[in-house]
Amino acid sequence: MNSMKLELEVIEIKDIRFDRKTSVKDHVLHINKEELIKYLQDPRLQNIDIDLARPGESVRIIPVKDVIEPRIKDDGKGGSFPGFLGDYEGAGDGKTIVLRGCSVVTTGKIVGFQEGIIDMWGPVARHCAFSALNNVVVKADPQDGIEPSDHEAAIRVAGLKAAHYLAKAGLQGIADKREVYQLPPVSKELPKVAIMYMTIAQGLLHDNYVYGVDAKKLHPTLLHPNELLDGAIVNGTCVVAADKQTTYRHQNNALVKELYARHGVDLDFAGVIVVPVRPELKEKERCCSGAVNLARTIGVEGVIIPEEGGGNPEADLMMTCRACEKHGIKTVLIIALEDPLADTTPEADAVIDVGNDDEVLTLEPAEKVIGYEEQIQLLSGAPENCIADDGRIRIPLYVITGLHGSLIGSHVKGVAY
């Protein structure tokens, strides 16, 4: 069988700067600011600007909507993010250029209260993996009178377009390393394992996109893990910042990479089952049943179920766990236990806690703010009047973008006392 083979041609980016021409030279990403702004023009947006934030600088980005790694297919067509800016054919297969060490961060006036913050220095940087990246920040505000859903859609597409634009500069570059992802047949008898990928699809700014399709419209879907690594899922949810699976996290899924490393060693990695997380009970039951039927169809013996978000998604998590175990499929749940669980089940006897986010940090004033610092008081989890008269800010870890999530790669951990 001709199995899918994804080759990531990785170019290491160690610095970013504005220049007359967008290019990559000696590990520096040069950016024509005016050209990029022109490329991002959208009738739904105004005040579009591009700024730069490097590791260690006294720079605060707020409110953060998404983080995206610049990538582009090296197939003669140069597409990115299938369903948005690229073709469906070839996703998860062939060569993809990756600018590693940098990202696109989107900000601007707040869309929904569950957005976040990235500091490039200080205590936030110790907890935020994105603080270690060279960040190209797209700041854009909505035109007067547009609906929040249109605002979210416009800024989401702007981020993807910026990542696509930057990645094009890598097409003429020389890769520093090549990462190959392929699942060869396993010659010995090993337990067959899949990821059940809980994907927020709840409406009201709580949606993700699979091949450009709103996940609310989907029945559970089986993906090859390469499709996930190659941009098949794009974040469109304003779920709590600490729990949010940014597009960058989907592209660099640490859980997928861990199972790849163990494929043929102590397990047989069978794929990724995307499970929409809906708010209605009937829809939860539909998605749970569909996911378990898919797992049974491909003959898996175990599944790992990472949660996205918290609260009512725990009903989906426990319902799916219970149904899997009923059919002899062992489950491991990955969850952030910062609050009492909204639901439990006795079958959930193997649970990974990715850490608590209630700890409060005191942040010093930034020398430079990209975005709107005063909107920190609107973020979910931030207390009222959290900005002191001297400019210092007190926030819980809750509002740090990508603090943990359930895809592993966390900078916090759960400890039993």
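Please pick out the residue among Ala242, Ala270 that is buried (at least 18 other Cβ atoms within 10 Å of the Cβ), assigned to a loop (DSSP other than H, G, I, E, B) and not assigned by TED's automatic domain parsing to the domain that holds Gly83.
Within the list Ala242, Ala270, the selection yields Ala242.
Can you find, within the stretch 154-185, the residue that is farthest from Gly76 (Cα to Cα) among those that are among the small types (Gly, Ala, Ser) and surrounded by 20 or more Cβ atoms within 10 Å (Cβ to Cβ)?
So the residue we want is Ala154.
Considering only the stretch 50-133, give the strands (runs of 3 or more DSSP E) lying wholly within it that have at least 3 residues that are of a type outside the set (Ser, Thr, Tyr) and out of contact with any helix residue (DSSP H, G or I) (no Cβ under 9 Å at 6 or more places or on another chain).
It comes to 94-100.
For Ala53, all conditions in the list (1) surrounded by fewer than 21 Cβ atoms within 10 Å (Cβ to Cβ); (2) of a type in the set (Gly, Ala, Ser); (3) modelled with pLDDT of 95 or more hold save one; what is the number of the exception?
(1) is the only condition that Ala53 fails.
Just for the stretch 275-299: of the residues that are of a type in the set (A, V, I, L, M) and in a helix (DSSP H, G or I), which one is surrounded by the most Cβ atoms within 10 Å (Cβ to Cβ)?
Step by step, filter the stretch 275-299, then rank; the result is Ala291.
Would you check if Asp87 is under 24 Å from Gly236 (Cα atoms), in contact with a Gly (Cβ under 8 Å, 6 or more places away or on another chain) and of a type in the set (D, E, K, R)?
yes
Is it the case that some residue within the stretch 153-176 is over 21 Å from Leu6 (Cα atoms), more than 19 Å from the chain's Cα centre (by Cα), in a loop (DSSP other than H, G, I, E, B) and at pLDDT 95 or above?
Taking every residue of the stretch 153-176 in turn, none turns out to be over 21 Å from Leu6 (Cα atoms), more than 19 Å from the chain's Cα centre (by Cα), in a loop (DSSP other than H, G, I, E, B) and at pLDDT 95 or above.
Determine, yes or no, whether Val193 is touching a helix residue (DSSP H, G or I) at 6+ places or on another chain (Cβ under 6 Å) and either surrounded by 21 or more Cβ atoms within 10 Å (Cβ to Cβ) or in the same structural domain as Glu308 (by TED's automatic domain parsing) (or both).
So Val193 fails the test.
Being buried (at least 24 other Cβ atoms within 10 Å of the Cβ) and of a type in the set (Val, Ile, Thr) is the filter here, so list the residues in the stretch 101-123 that pass it.
Val104, Val105, Thr106, Thr107, Ile117, Ile118
If I ask for residues that are closer than 21 Å to Gly108 by Cα, outside any strand (DSSP E or B) and among the aliphatic types (A, V, I, L, M), which ones from the stretch 360-396 would you list?
Within the stretch 360-396, Ala366, Ile376, Leu378, Leu379, Ala382 meet the criteria.
Suppose we filter the stretch 353-379 for residues that are in contact with a Cys (Cβ under 7 Å, 6 or more places away or on another chain) and buried (at least 19 other Cβ atoms within 10 Å of the Cβ); how many remain?
Count: 1.
Please go through the stretch 223-239 and give me each residue that is under 19 Å from Gly92 (Cα atoms) and assigned to a strand (DSSP E or B), ordered by number.
Hits for the stretch 223-239 are Leu223, Ile233, Val234, Asn235.
Could you tell me whether any residue of the stretch 31-45 is at pLDDT 95 or above and closer than 18 Å to Arg100 by Cα?
So far as the stretch 31-45 goes, yes, one or more of its residues are at pLDDT 95 or above and closer than 18 Å to Arg100 by Cα.
So which residues in the stretch 1-33 are surrounded by 19 or more Cβ atoms within 10 Å (Cβ to Cβ) and in a loop (DSSP other than H, G, I, E, B), if there are any at all?
Ile13
Quick check on my filter: what residues within the stretch 256-270 are over 23 Å from Gly212 (Cβ atoms) and either polar (S, T, N, Q) or in contact with a strand residue (DSSP E or B) (Cβ under 9 Å, 6 or more places away or on another chain) (or both)?
Lys257, Leu259, Tyr260, Arg262, His263, Leu267, Asp268, Phe269, Ala270
Answer yes or no: is there a residue in the stretch 325-333 that is out of contact with any strand residue (DSSP E or B) (no Cβ under 7 Å at 6 or more places or on another chain), in the same structural domain as Ala201 (by TED's automatic domain parsing) and either assigned to a loop (DSSP other than H, G, I, E, B) or hydrophobic (A, V, I, L, M, F, W, C) (or both).
yes
Across the stretch 199-222, what is the total count of residues that are at pLDDT 95 or above, buried (at least 21 other Cβ atoms within 10 Å of the Cβ), of a type outside the set (S, T, N, Q) and in a strand (DSSP E or B)?
2
Among the candidates Asp353, Asp349, single out the residue that is farther than 29 Å from Lys217 by Cα and over 24 Å from the mean Cα position of the chain (by Cα).
Asp349
The values are calculated or read from the model by the stated rules, or taken from the named source; none is laboratory data. Note that the coordinates shown come from a computational prediction; the quantities given were computed from them, not determined experimentally. Heads up, the Cβs are rebuilt from the backbone with ideal geometry, glycines too, and the neighbour counts pull from every protein chain shown.
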